[in-house]
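The values are calculated or read from the model by the stated rules, or taken from the named source; none is laboratory data. These numbers come from a predicted model, not from an experiment. Note that each Cβ is placed from the backbone with ideal geometry, even for glycine, and that neighbours are counted across all protein chains shown. SASA here: full protein model, heavy atoms, side chains in, ligands and nucleic acids out. Shrake-Rupley method; radii C 1.70, N 1.55, O 1.52, S 1.80 Å.
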Amino acid sequence: MKPSPRFLFILTFLGSFFLASPEADSCTSNLNLNVSIPFDTTNLHCLSVWDAQSFILRYAQTSANTWSFILSTPDTNSYIAMGFSVGGGMVGSSAMVGWVASRGASGGIKQYYLGGVTPNQVVPDKGNLQVIDNSTFITLQSSRLFMVFQLETTEPLSSLIFATGSTGLFPAPPSFALTIHLDKVSTRIDYSEANIGSSQGDGNSSQLNGSTSQSADSCGSNLNLSVPLLFDTTNLNCLPVWNAQGYILRYSQTSQNIWSFILSAPNPNSYIAIGFSPNGGMVGSSAIVGWISSNGAGGGMKQYYLTGLTPNQVVPDRGNLKVLTNSTFITSQSSRLYMAFQLQTNQPLSKLIYAFGPNGVFPSAPTFSLTQHQDKVSITLNYATGSSATTGNSYTILKRSHGILNIFGWGILIIMGAIVARYFKEWDPFWFYFHASVQSLGFVLGVTGVISGFVLNNQLHTDVSLHKVLGIIIFVLACLQIMALLGRPKKESKVRKYWNLYHHNLGRILIILAIANIFYGIKLGKEGSGWNIGYGIVLAVLLTMAITFETQQCSRDD
């Protein structure tokens with residue numbers, strides 16, 4: 001039977017439709033471009049790097065220090081981007097960005113440096129990628145973009161970022177400014193094995209941030225990361241290092257002088273840090289710091305050297321840790337951060353410091369300065385046995401001893417001795433011996449407290465300048481009182497009234513400064529309201545006694 005003209009029309013229409021439909025690229029199909037490529041494409045590795053957006057990456061090491069890349073994506077009628085990141089975040093990464101506008105009318109390809117997360121911080125024609133001259137081009141074929149470039153490097157960074165721009169918006173002269181991405185995803189690639197794993201993403205393409213439940217990590221659970229690491233994780237030692245904050249440390253000695261670490265912590269929407277200290281204090285330690293913002297806008301990892309306690313004394317990209325190249329990586333998974341790195345050392349320092357920053361505050365280009373931590377803890381780790389002890393426990397005992405000694409010495413006994421000296425002089429000579437004995441005991445306890453304070457400060461290296469200065473002033477005033485006691489003139493001496501004026505007023509100043517410094521010290525020690533209430537009650541009792549005795553004395557004088 002002869003086909004009808006209507007049937008032939010339908011077949012022709014369907015055939016033209018299928019011929020005009022976008023050709024889906026895949027790693028199982030051959031790469032057939034209608035333009036010549038300046039390198040061999042027969043032995044390219046091929047990976048599907050972003051399934052949700054159908055991004056296909058082909059690459060190969062063309063020579064000892066030359067790597068060739070072809071990124072194939074659907075034409076989004078905007079730019080496409082492929083970034084190379086140190087830590088998996090946008091900030092600090094360098095990206096190859098390409099576009100073909102108006103269905104092939106014009107296009108371009110440029111390197112951009114991502115100095116921040118705003119468009120004016122994304123700088124064209126800048127970056128850390130050594131792009132080989134005349135190796136870059138982008139073409140549109142069968143509704144897909146093919147972006148080609150070559151890099152001169154021993155091995156490219158393994159943390160990659162892929163992004164698409166907003167529809168209809170293209171970089172344009174003279175600024176070639178890049179609008180904020182419409183969607184992005186981060187992956188990590190093992191170039192030798194041609195394996196990848198998703199790190200973080202935006203929108204519907206994010207498999208990690210799409211989960212709202214927080215998975216609590218523990219040493220009893222298996223480490224199941226969705227990204228491949230550069231070292232074996234099957235035999236890692238595991239121990240909780242900060243129970244109050246849910247910090248988990250995994251580590252192992254990979255070879256004679258290589259140590260591998262993975263720090264797992266809840267995402268505080270700020271940085272997390274692990275420091276290696278020679279003495280348990282912050283000053284002089286070197287820290288690995290990592291961060292990923294909650295919206296996925298940026299992240300990174302850096303070593304910092306802590307030369308002091310103020311932010312300008314915490315220096316990025318400095319330190320005594322020999323971090324292996326391309327071994328650092330941070331990823332967000334189930335509301336937790338996993339920060340991995342490797343150190344070249346025979347034995348890492350055993351005194352470790354853990355910290356996290358204030359919510360919503362991240363290191364950023366160009367300074368990458370670190371804000372003061374929100375909380376921290378120190379531990380001592382025995383790498384051989386896998387056991388740890390919170391260094392803060394011994395410091396807590398010393399800190400509380402310092403507080404108790406000063407409270408009893410300067411804040412209670414000195415006040416009691418002053419009350420006896422003022423209101424019990426009719427009990428002569430008992431009042432004098434009691435006054436001298438109580439003040440001497442208070443002086444001894446107070447001096448011991450001052451010494452313990454200096455020891456504590458040398459160990460913790462905390463910034464307590466005002467507390468320390470007030471303590472020294474109180475100590476000096478107490479010494480002057482002791483000297484005054486030794487040089488006390490007789491009652492009938494003409495200078496006795498001047499001595500009394502000096503001795504009494506100096507004592508009052510000492511007591512006022514001691515009370516103020518005690519409450520300030522309780523605040524610095526973060527001991528909570530219990531200590532404030534306890535000392536406040538004692539102080540109230542002493543004040544009530546003084547007011548009662550003063551009232552009785554005034555009545556007798558009248």
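Some points to look at:
- With R₀ set to 41 Å, the beta-carbon distance separating Ser369 from Asn32 gives a calculated FRET efficiency near 0.20.
- Cysteines without a disulfide-compatible partner [the chain; Cβ-Cβ under 4.7 Å]: Cys479, Cys554
- Qualifying lysines (Cα of each under 18 Å from Cα of Lys497; at least 8 residues distant if same chain): Lys425
- Solvent exposure, largest accessible area first (probe 1.4 Å, DNA, RNA and ligands not counted), of Asp232, Asp190: Asp232, Asp190
- Shape category assigned to segment 237-386 from the gyration tensor of Cα positions, a/c cut at 1.5: rounded
- Taking the centroid of alpha carbons for each part, segment 475-541 and segment 402-467 are 8 Å apart.
- Angle between the chain longest axis and helix 414-423 axis [Cα atoms, degrees, rounded to 10]: 30 degrees
- Here the simple spin-label model places points 7 Å from the Cα toward Cβ, and for Thr345 and Ile509 these points are separated by 4.9 nm.
- With each label modelled as a point 7 angstrom along the Cα→C-beta vector, the Asp317-Glu152 pair spans 2.1 nm.
- From phi via Karplus (6.51, -1.76, 1.60), per-residue ³J(HN,Hα) for segment 185-194 in Hz, x at Gly/Pro: 8, 10, 9, 10, 10, 9, 4, 6, 9, 6
- Set of lysines near Lys126 by C-alpha distance (under 20 Å), chain-local residues within fewer than 8 positions excluded: Lys110
- Proximal lysines to Lys468, defined as alpha-carbon separation beneath 27 angstrom and excluding residues fewer than eight positions away on the same chain: Lys351, Lys376, Lys399, Lys523, Lys526
- Amide proton proximity set for Leu182, modelled H, under 5 Å, gap of 5+: Thr164, Gly165, Ser166
- Helices in the chain, meaning DSSP H runs of at least 4 residues, each add -39500 (n - 2.57). Divided by all residues, the mean residue ellipticity at 222 nm is -10000 deg cm²/dmol.
- Take segment 45-196 with all the other protein chains still there, run a 1.4 Å probe, and you get 38 Å² of accessible area per residue.
- Taken over segment 393-555, the percentage of Cα pairs per 5 Å bin, counting from 0 up to the bin with the maximum distance, is 1, 8, 16, 21, 19, 14, 9, 6, 3, 2, 0, 0.
- Computed from Cα atoms, the angle from the helix 5-20 axis to the main principal axis of the chain rounds to 40 degrees.
- Longest exposed-site-free window of the chain, the sites being trypsin sites (Lys or Arg not before Pro) in a DSSP loop that have at most 15 other C-beta atoms within 10 Å: 127-317
- For the chain, the square roots a ≥ b ≥ c of the C-alpha gyration tensor eigenvalues yield an a/c of 1.5 or more together with a/b exceeding b/c, which makes the shape prolate.
- Using heavy atoms of the protein chains and a probe of 1.4 Å, the accessible area assigned to Thr551 is about 80 Å².
- Short-range pairs are left out: with C-alpha atoms under 8 Å and at least six residues apart, the relative contact order of the chain is 9 percent.
- Heavy atoms of Cys479 accessible to a 1.4 Å probe, total area in Å² rounded to 10: 40 Å²
- Angle in degrees between helix 391-408 and the longest Cα principal axis of the chain, rounded to the nearest 10: 30 degrees
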